[in-house]
Structures are given as C-alpha cells and as structure tokens.
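Take a look at the structure set out below.
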Amino acid sequence: MTVNVPQVRTTASLDPEMTDLADAVGHALDGVTRLGVAFSGGVDSALLLALAIRRLGTENVVAVLGVSPSLAGDERVAAHEVASSMGALVVEVATHEGDNLAYRANPEISRA
C-alpha cells in the first residue's frame with residue numbers, strides 16, 4: 001500500500017499564530033538534545049514528531065513505533081511513509097500486549 005503524504009510545511013509557510021503555537025510547544029523541548037517520539041503514524045503523533053524535528057532536527061529525533069500482531073500491515077507501512085516524509089528515522093519496538101490476558105479478553109467488546 002502506498003500512501004500519498006504531503007511534505008511537512010516549513011515555518012515560512014505557517015501563519016504567525018501557528019508559528020507562535022509551534023514555538024510554544026518547541027520551548028517544552030528546551031534542554032533536550034535527543035528525543036524518541038512514541039509514534040503511530042496518526043495525526044497526533046505525527047504533529048508531535050514534526051514539532052520535535054522542527055526544534056531539534058532530524059538527526060536528533062527518532063519515531064518509535066510499537067509493532068505487534070495488533071498493528072495492521074498497511075498501518076505499519078503508512079507510519080513509515082509519514083515519518084519518512086519528515087526525514088525521520090523509525091525505530092520499531094516489539095510490543096507484547098497479546099501476552100496480557102486482560103488485553104486479549106478485551107472487556108470493552110464483551111460488554112457491547
């Protein structure tokens with residue numbers, strides 16, 4: 001599956017209010033030199049990844065993607081493509097939520 005991902009907008013293309021908001025979030029990273037961002041490829045984590053890259057540079061930020069059988073293959077590919085469009089390295093970490101009986105029981109679905 002191929003996902004068409006737009007390039008990350010630069011500061012020059014942001015309106016002043018958005019630039020101020022991005023700067024405010026960036027200031028939370030003052031003193032941080034390297035960062036791993038928990039990354040799913042969704043909008044929320046992609047925004048945080050982009051803001052971290054904006055502040056620290058691609059060489060100092062990695063996207064950390066949890067991988068397990070519960071992650072669909074096309075979602076995994078899409079997450080890599082989103083991170084790649086920002087120039088971010090993706091580090092995959094095997095998760096083992098399936099080993100947890102409560103996770104497998106999924107009580108929310110049982111109540112439906």
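Computed from the coordinates by the stated procedures, all read-outs in this text should not be read as laboratory data. Remember, it's a predicted structure, so these values are computed and weren't measured experimentally. For neighbour counting, all protein chains shown are included, and Cβ atoms are generated from backbone atoms with ideal geometry for every residue, glycine included.
Numbers below:
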| item | result |
| --- | --- |
| Members of region 71-88 that are outside any helix (DSSP H, G or I) and surrounded by 12 or more Cβ atoms within 10 Å (Cβ to Cβ) | LEU71, MET86, GLY87, ALA88 |
| Within region 47-80, considering residues that are in contact with a strand residue (DSSP E or B) (Cβ under 9 Å, 6 or more places away or on another chain) and touching a residue at least 40 places away in the same chain (Cβ under 8 Å), the one nearest to VAL93 (Cα to Cα) | ALA79 |
